[in-house]
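Okay, so here's the structure we're looking at.
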Amino acid sequence: MRRRIVAGNWKMNKTPSEARELIETLKPLVGDEKDVDVVFCPPFVDIALAVELVKGTNIKIGAQNMYYEEKGAYTGEVAPEMLKDAGCEYVILGHSERRGYFGETNEQVNKKVLKAIEHGLKPIICVGEKLEQREQGITEDLVRMQVKIAMKDVKKEDAVNCVIAYEPIWAIGTGRTATNEQAEEVCGAIRKVLAEIFDQETADQIRVQYGGSVNAKNAADLFAMPDIDGGLVGGASLKADFADIVKA
Ligand code: PGA
């Protein structure tokens, strides 16, 4: 049985003082969750504070990005060891906003995945298609390629610590959630390609999330699908609703 995982991607929201407020709100609601991995992914400047505030709870902290070099002259970037040492357990990699606005490529995502693993961080690897790609009927081809390149040279024993988040770009922040069937179809295809890369046993252990306008109303049905092991939640992770999604 795969353990469920619900992660809140705060994106570029919440100053440190606002982060404190949100965490204090959510802590009593999800802090002692035992059946689901609950992860908050705040902006970098909130991470140290978030780690401090969730001490003694079951909440884990993740980052939203990192660079693939160890250290050095990369102004503005954050290294894997910095995240690890700050207390992060997870790191979101290859989010469609990173790919779309900041030109991240599949190859860069792969470098980041390998580096994250090397430093003991668990990558949440985002994949997903644009609306025109769905309409063209190339969703599965595209997502297969994204997963294959992201997982290149990843060892089986490390792959089980990776999470894949299927996030159709047309569903992100639009209120237009994929149907349960659409989400399951692609999450199932992702598990199939993972079985091709590794083997069925490994693929059966890797958690696949759905993301894209997940909210307190639609979460339970989405998470009930056989290949959906939880969600990556944007907008709804910034309010108390997030607790209802975790309960779902
Ligand atoms: P959303 O974002 O829940 O606001 O659609 C999800 C994401 O981009 O991770």
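Applying a threshold of 8 Å to beta carbon distances and a minimum spacing of six or more residues, or different chains, the list of pairs starting in segment 1-21 at a residue that is aromatic (Phe, Trp, Tyr) and ending at one that is away from the ligand (no atom under 16 Å from the Cβ) and open to solvent by 70 Å² or more (accessible area, probe 1.4 Å) is empty. Restricting segment 156-179 to residues that are in contact (Cβ under 8 Å) with a residue 12 or more places away in the chain and more than 16 Å from the ligand (Cβ to nearest atom), the residue that is most open to solvent (accessible area, probe 1.4 Å) is Lys156.
The rows are residues; the columns are (1) closer than 21 Å to Val91 by Cβ; (2) near the ligand (Cβ under 10 Å from one of its atoms); (3) charged (D, E, K, R); (4) open to solvent by less than 10 Å² (accessible area, probe 1.4 Å).
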residue: Gln205; (1), (2), (3), (4): yes, no, no, no
residue: Gln209; (1), (2), (3), (4): yes, yes, no, yes
residue: Gly212; (1), (2), (3), (4): yes, yes, no, yes
residue: Ala220; (1), (2), (3), (4): no, no, no, no
residue: Asp229; (1), (2), (3), (4): yes, no, yes, yes
residue: Leu232; (1), (2), (3), (4): yes, yes, no, yes
residue: Ala240; (1), (2), (3), (4): no, no, no, no
residue: Asp244; (1), (2), (3), (4): no, no, yes, no
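Glu104 fulfils the conditions (1) within 16 Å of the ligand (Cβ to nearest atom); (2) in contact with a Lys or Arg (Cβ under 6 Å, 6 or more places away or on another chain); (3) touching a residue at least 12 places away in the same chain (Cβ under 8 Å) except for a single criterion, (3). Any residue at all in segment 185-207 that's under 18 Å from the mean Cα position of the chain (by Cα), among the polar types (S, T, N, Q) and within 19 Å of Lys122 (Cα to Cα)? Yes, because at least one residue in segment 185-207 is under 18 Å from the mean Cα position of the chain (by Cα), among the polar types (S, T, N, Q) and within 19 Å of Lys122 (Cα to Cα).
When we screen Pro43, Pro80 for residues that are within 17 Å of the chain's Cα centre (by Cα), within 16 Å of the ligand (Cβ to nearest atom) and not hydrophobic (A, V, I, L, M, F, W, C), the only hit is Pro43.
Among Lys55, Lys60, which is the only one that is away from the ligand (no atom under 16 Å from the Cβ) and more than 19 Å from the chain's Cα centre (by Cα)? Answer to the check: Lys55. Taken together, Gly94, Gly62 contain a single residue that is at positive phi, open to solvent by less than 60 Å² (accessible area, probe 1.4 Å) and touching a residue at least 24 places away in the same chain (Cβ under 8 Å), which is Gly94.
Considering only segment 107-116, I want to know if a residue exists there that is in a loop (DSSP other than H, G, I, E, B), of a type in the set (Gly, Ala, Ser) and touching a helix residue (DSSP H, G or I) at 6+ places or on another chain (Cβ under 8 Å). There is no residue in segment 107-116 that is in a loop (DSSP other than H, G, I, E, B), of a type in the set (Gly, Ala, Ser) and touching a helix residue (DSSP H, G or I) at 6+ places or on another chain (Cβ under 8 Å). One residue stands out in segment 7-36 among those that are under 18 Å from the mean Cα position of the chain (by Cα) and within 16 Å of the ligand (Cβ to nearest atom): the one that is most open to solvent (accessible area, probe 1.4 Å), namely Met12.
Only one entry of Gly137, Gly188 meets the criterion of being away from the ligand (no atom under 16 Å from the Cβ), open to solvent by less than 40 Å² (accessible area, probe 1.4 Å) and modelled with pLDDT of 95 or more, and that entry is Gly188.
Could you tell me whether Arg2 is assigned to a loop (DSSP other than H, G, I, E, B) and in contact with an Asp or Glu (Cβ under 9 Å, 6 or more places away or on another chain)?
So Arg2 fits the description; yes.
The values are calculated or read from the model by the stated rules, or taken from the named source; none is laboratory data. Fair warning: this is a prediction, and the values are worked out from it, not measured in the lab. All Cβ positions, even for glycine, are placed from backbone atoms using ideal geometry, and neighbour counts span all protein chains on display. Please note that ligands, DNA and RNA were not included when accessible areas were found on the heavy atoms of the full protein model with its side chains. Shrake-Rupley method; radii C 1.70, N 1.55, O 1.52, S 1.80 Å.
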